[in-house]
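One structure is given here, and the rest of the page talks about it.
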Amino acid sequence: LLLGGNNTYLGSTSISSGALRIASDAALGAAANTVTVTAGGALELDAGPGGSPLTVARTISLQGAGVSAGGALRSLSGNNTYTGPITLSTDARIHSEVGGFIIKGGINAGAFALTIGGPGDTTVNTAPADSDRSASGASS
């Protein structure tokens, strides 16, 4: 499902199967809305060909490796930034397909492992919220 425009709905967004692709932060409704991605689901950031980089500032909870292990949080194109806090509810994967993906909002991994991968460049520009954990995988 692609949400390309701005939405104004109130409440959380749950992705439990398949991918929700967004072309703007406002596609997820009101700024206070949170996102939960459960095993088998994915939130995909897609600036599109020649599109402006996306900055997404939502609180997100991640579970699992996403659709076909391609990442529960994915940057598909452009140089995108995720500034919202990320909490892992199970082991999870973040994936960058093309371009750069910057993670800035804090990562609370708890007892779970975070894998970062994909052919794109991912930069984790934040200390884990729980300092005894660290991310693993390809990152710069």
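Structure data summary
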item	result
Residues of the range 96-111 that turn out to be in contact with a Pro (Cβ under 9 Å, 6 or more places away or on another chain), open to solvent by less than 60 Å² (accessible area, probe 1.4 Å) and not hydrophobic (A, V, I, L, M, F, W, C), as a count	5
Residue match in the range 22-40 (condition: open to solvent by 50 Å² or more (accessible area, probe 1.4 Å), in contact with a strand residue (DSSP E or B) (Cβ under 6 Å, 6 or more places away or on another chain) and part of a loop (DSSP other than H, G, I, E, B))	yes
Residue match in the range 6-20 (condition: at pLDDT 95 or above, out of contact with any Ser or Thr (no Cβ under 6 Å at 6 or more places or on another chain), surrounded by fewer than 18 Cβ atoms within 10 Å (Cβ to Cβ) and assigned to a strand (DSSP E or B))	yes
Subset of the range 82-112 [within 13 Å of Gly71 (Cα to Cα) and out of contact with any Gly (no Cβ under 7 Å at 6 or more places or on another chain)]	Asp91
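The rows are residues; the columns are (1) within 21 Å of Thr38 (Cβ to Cβ); (2) assigned to a loop (DSSP other than H, G, I, E, B); (3) not hydrophobic (A, V, I, L, M, F, W, C).
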{"residue": "Thr87", "(1), (2), (3)": "yes, no, yes"}
{"residue": "Val98", "(1), (2), (3)": "no, yes, no"}
{"residue": "Ile102", "(1), (2), (3)": "no, no, no"}
{"residue": "Gly105", "(1), (2), (3)": "yes, yes, yes"}
{"residue": "Thr123", "(1), (2), (3)": "no, no, yes"}
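The values are calculated or read from the model by the stated rules, or taken from the named source; none is laboratory data. Here the structure is a predicted model, which means the values were calculated and not measured. Methodologically, a virtual Cβ is constructed for each residue, glycine included, from the backbone with ideal geometry; neighbour enumeration extends over all protein chains shown. Accessible surface areas use protein heavy atoms only, side chains included; no ligands, DNA or RNA. Shrake-Rupley method; radii C 1.70, N 1.55, O 1.52, S 1.80 Å.
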